[in-house]
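The values are calculated or read from the model by the stated rules, or taken from the named source; none is laboratory data. Remember, it's a predicted structure, so these values are computed and weren't measured experimentally. Glycine also receives a Cβ, built like all others from the backbone with ideal geometry; neighbour counts cover every protein chain displayed. These area figures cover heavy atoms from the full protein model, side chains too; ligands, DNA and RNA do not enter into them. Shrake-Rupley method; radii C 1.70, N 1.55, O 1.52, S 1.80 Å.
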Amino acid sequence: KLIEGEICSLADSRSTDQQLDQLEEIVEQQERVTEYAEEYLQLDSLFHKSLGEISGNPFLARASQSLNVLGIEFRTKAARTKDTPERSIRDHYAILKAIRAKDPEAARKTMVAHMDQVMTSTNNVLVSKDG
């Protein structure tokens, strides 16, 4: 939450309209592949990686990607549930809206809420009988 929240706050002040349009295209692509967990997660990773690059902080960007690699197995299981991809996509649009509004604190809070959702959905899969 700390890393992704800070990335989002930094990206807020450093992003261009073109970069935000590219992020929006990634989310639109995610909408088309919600039934395919691996493809969906590749786009999810690309969304977060792109935000990291936009932030201009290579340390935070690298830390974010490292954490993504560590959690991918569990997130793949969560991504196979119906609600998880749909909720994540809504979160991604909310993040973009906050960044477009040039409100770094709203961008941070929106990302932290998204990371809370990611942690909850992943944990739910881990503790379920099917996880």
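In table form, for the structure just shown:
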item	result
Net charge over other residues, Cβ less than 10 angstrom from the Cβ of Ile89 (K, R count +1; D, E count -1)	-3
Net lengthening on full extension, Glu38/Ser13 (0.36 nm per residue, minus Cα-Cα)	5.9 nm
In segment 11-84, chymotrypsin sites (Phe, Trp or Tyr not before Pro) in a DSSP loop with at most 14 other beta-carbon atoms within 10 Å	Tyr36
Listed candidates (1) 14.3, 42; (2) 16.1, 47; (3) 13.8, 45 - label of the one calculated as Rg and Dmax of the Cα atoms in Å	(3)
For segment 27-69, accessible area per residue (1.4 Å probe, heavy atoms of protein chains only), Å²	56 Å²
Sulfur and carbon atoms: percent of accessible area, segment 24-81 [1.4 Å]	55 percent
Charge sum, other residues only, whose C-beta stays under 15 Å from Val27's C-beta, Lys/Arg counted +1 and Asp/Glu -1	-3
